Amino acid sequence: MCGVSNRSDWQEGKLDLAARAAWLYYIGGRTQDQIASTLNISRPAAQRLVAFAVSEKLIKFRLDHPLADCMDIAQKLLDRFGLAFCDVVPADPSQPGAHGGVAIAAARWLEQYAAQSAPLVLAMGTGRTLRAAVAEVSPMGRPQHKIISRVGNMARDGSASAFDVAMRLADHVGAQRYPMPMPVVAETEEERALLQAQRSFRTLCDLAAQAKATFVGIAGIGWNTAMHRDGFITDAELADLSERGAVGEITGWAFDADGRLLDGSVNARVVSLPLEQPASRLVVAVGVGPDKVAPIHAALGGKLINGLITDELTAQAVLAV
């Protein structure tokens with residue numbers, strides 16, 4: 001046993017079930033009939049469980065009771081991949097890949113860092129789930145902090161990226177802003193060299209080396225996946241990456257099934273800050289869904305990341321690989 005509890009196993013089981021019901025109701029947006037069907041209980045039982053969760057103060061604005069199953073899965077990931085940090089949240093089986101719960105969990109951790117009084121640097125990647133997480137962060141005034149972007153904020157055509165989360169987070173917490181006003185992928189290696197020779201890029205590199213934590217999105221490499229859908233790589237570049245065995249990317253850097261960063265190809269023109277391998281500081285990937293299983297597994301195995309925030313279905317699938 002890891003500790004001593006005054007609660008019986010029956011009480012812990014009831015709390016777990018109540019927490020699941022409350023999560024499905026308040027975060028998953030499910031009706032009581034849907035909760036009853038998901039948990040295989042009656043509708044009155046579902047109603048009582050939600051009410052019980054409120055009375056036990058498991059619910060405030062966020063779920064405040066750690067689910068035993070999720071904690072067990074998180075521990076397995078910690079042990080298997082030697083992680084520094086892992087948070088696994090409940091999943092709604094009827095909506096695989098829904099990122100609401102994962103976004104809220106990531107927001108909680110971002111808030112914990114931002115709430116610190118001592119000056120710190122937080123480094124951010126990009127992505128839809130990270131953007132949703134930042135939207136959940138409570139406003140605060142932390143002008144002593146610095147929020148930096150590890151990835152460019154422009155598409156190939158010069159338009160601004162819709163998923164630049166570093167500036168959004170800085171706005172929420174009132175911190176100093178350090179964007180990367182560059183494309184994610186340069187047109188040529190020579191252009192990348194010129195961009196990375198700029199003083200602003202060197203400043204970002206220096207600040208990244210001081211980061212207390214880095215939060216990144218993670219995506220697959222394939223037709224209509226993030227890099228391709230959002231116009232950062234062309235059809236021909238996608239085909240080349242696929243032929244080279246790319247399964248995922250973090251801040252534009254493509255890697256194979258073993259988590260090895262690819263030589264050449266698009267990686268030779270990625271402008272983003274370099275990824276350490278193995279990561280020497282805390283690098284937390286935030287991702288959820290069936291399409292994230294292969295890239296998460298690869299990034300964990302290759303030690304491109306040493307932290308993970310995901311849901312239980314995604315985590316179980318990663319462990320099953």
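Summed over the stretch 17-57, residues that are touching a residue at least 40 places away in the same chain (Cβ under 8 Å) and buried (at least 18 other Cβ atoms within 10 Å of the Cβ) total 9. Yes or no: ARG128 of a type in the set (Lys, Arg), modelled with pLDDT under 95 and farther than 15 Å from VAL173 by Cβ? Yes; evaluated as a whole, the condition is true for this residue. Filtering GLY158, GLY127, GLY101 for residues that are small (Gly, Ala, Ser), in the same structural domain as PHE215 (by TED's automatic domain parsing), within 17 Å of HIS228 (Cα to Cα) and within 13 Å of the chain's Cα centre (by Cα) leaves a single hit, GLY127.
When ILE218 is tested against (1) among the β-branched types (Val, Ile, Thr); (2) touching a residue at least 60 places away in the same chain (Cβ under 8 Å); (3) farther than 30 Å from GLU111 by Cα, only condition (3) is not met. What tally of residues in the stretch 139-151 results from selecting those that are within 18 Å of the chain's Cα centre (by Cα) and assigned to a loop (DSSP other than H, G, I, E, B)? Total meeting the criteria: 2. Would you say PHE232 is over 27 Å from SER94 (Cα atoms), of a type in the set (Phe, Trp, Tyr), more than 16 Å from the chain's Cα centre (by Cα) and part of a loop (DSSP other than H, G, I, E, B)? Answer is yes for this residue. Restricted to the stretch 235-259, and to residues there that are small (Gly, Ala, Ser) and under 14 Å from ASN224 (Cβ atoms), the residue that is surrounded by the fewest Cβ atoms within 10 Å (Cβ to Cβ) is ALA239. Summed over the stretch 114-145, the residues that are in contact (Cβ under 8 Å) with a residue 40 or more places away in the chain, surrounded by 20 or more Cβ atoms within 10 Å (Cβ to Cβ) and within 21 Å of GLN210 (Cβ to Cβ) give a count of 8.
Yes or no: the stretch 261-273 includes at least one residue that is of a type outside the set (Val, Ile, Thr), over 24 Å from PHE81 (Cβ atoms), touching an Asp or Glu at 6+ places or on another chain (Cβ under 8 Å) and assigned to a loop (DSSP other than H, G, I, E, B). No; the residues of the stretch 261-273 include none that is of a type outside the set (Val, Ile, Thr), over 24 Å from PHE81 (Cβ atoms), touching an Asp or Glu at 6+ places or on another chain (Cβ under 8 Å) and assigned to a loop (DSSP other than H, G, I, E, B).
A single entry from ALA115, ALA98, ALA53, ALA68 fulfils the requirement of being at pLDDT 90 or above and aliphatic (A, V, I, L, M): ALA115. If you go through the stretch 235-260 and keep only what is in a loop (DSSP other than H, G, I, E, B) and under 20 Å from ALA186 (Cβ atoms), you end up with ARG244, THR251, GLY252.
The values are calculated or read from the model by the stated rules, or taken from the named source; none is laboratory data. As the structure is a prediction and not an experimental result, all values here were calculated from the model. For neighbour counting, all protein chains shown are included, and Cβ atoms are generated from backbone atoms with ideal geometry for every residue, glycine included.
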